Amino acid sequence: MKRFILAVALLLPGTAQAQSGAFPEPIVRANAGDIQCYMPDERRKTCGTTSRYRRMASGVIEMVTQMVITRTVTMEVTEPVEIKGDKVCSVMLQSELDAAKFVTTDGKSVDDAQVQKLREHVGSDVGRYFGHLMCTAYKDLGPNLVATQTLDGELIDRQVIPMIWVHADEGYQVRP
């Protein structure tokens with residue numbers, strides 16, 4: 001399950017000038033500033049992973065994903081995505097992992113030696129996905145959604161990951 005979660009998190013892709021323009025389904029809720037919260041704990045207001053979307057001046061949609069990597073460190077990855085039908089798709093690249101930001105869960109910087117070890121660890125887990133088309137689809141289960149993924153059109157795993165949309169001002173945090 002951990003590899004599946006990391007794969008979701010790296011797909012679920014710096015501040016740049018955003019362009020106005022509505023986001024389409026299945027990420028239409030991002031138009032209101034909502035954020036995807038994967039593996040939510042609504043009581044604690046935590047997410048194992050979050051993804052937010054922004055439209056760049058070029059028109060490209062970027063996904064910024066923050067995820068738990070260890071009990072005390074999170075990683076933020078940014079990647080371009082494309083909406084294909086009812087799916088959010090991207091081709092994962094090593095360069096996105098190389099540009100990822102790592103911080104402690106209390107917001108402090110992570111030293112360079114630890115960052116290098118974390119990049120190697122994450123790369124060994126998800127490196128097989130680099131260069132392949134990954135798409136995430138969402139199934140509505142009432143108040144919650146679940147995410148499933150395909151890699152080059154084939155279902156990655158039979159597991160599904162719970163997801164809810166939350167608004168940025170609701171106080172949800174990425175925590176183990």
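The values are calculated or read from the model by the stated rules, or taken from the named source; none is laboratory data. What you see is a predicted model; the values in this text were computed from it and never measured. Backbone-built Cβ (ideal geometry, glycine too); neighbour counts: all protein chains shown.
Here is how the numbers come out for the structure above:
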item: Residue that is nearest to Glu82 (Cα to Cα), among those in segment 144-176 that are in a loop (DSSP other than H, G, I, E, B) and among the β-branched types (Val, Ile, Thr); result: Ile156
item: When residues of segment 123-143 are limited to those that are among the small types (Gly, Ala, Ser) and not in a strand (DSSP E or B), the one modelled with the highest pLDDT; result: Gly131
item: Positions within segment 41-63 being under 22 Å from Asp86 (Cα atoms), out of contact with any Pro (no Cβ under 6 Å at 6 or more places or on another chain) and surrounded by 13 or more Cβ atoms within 10 Å (Cβ to Cβ), in sequence order; result: Thr49, Thr50, Ser51, Arg52, Tyr53, Arg54, Arg55, Met56, Ile61
item: Hits in segment 86-119 (condition: closer than 16 Å to Met67 by Cα and exposed (fewer than 12 other Cβ atoms within 10 Å of the Cβ)); result: Asp98, Asp106, Gly107, Lys108, Ser109
item: Options Tyr138, Tyr172: the member that is under 19 Å from Val68 (Cα atoms) and of a type in the set (Ser, Thr, Tyr); result: Tyr172
item: Pairs where the first residue, in segment 53-78, is more than 21 Å from Ala32 (Cα to Cα) and the second is of a type in the set (Asp, Glu), C-beta under 9 Å, 6+ apart; result: Met67/Glu76; Thr72/Asp106; Val77/Glu96
item: Positions within segment 103-151 being in contact with a Cys (Cβ under 9 Å, 6 or more places away or on another chain) and more than 18 Å from Ile27 (Cβ to Cβ), in sequence order; result: Leu151
item: Qualifying residue in segment 83-90 (condition: in a strand (DSSP E or B) and either within 24 Å of Arg44 (Cα to Cα) or out of contact with any Asp or Glu (no Cβ under 9 Å at 6 or more places or on another chain) (or both)); result: yes
item: Segment 159-176 residues that are under 23 Å from Thr148 (Cα atoms), paired with ones that are part of a helix (DSSP H, G or I) (beta carbon under 6 Å, 6 or more apart); result: Gln159/Phe4; Ile161/Val8; Trp165/Arg29
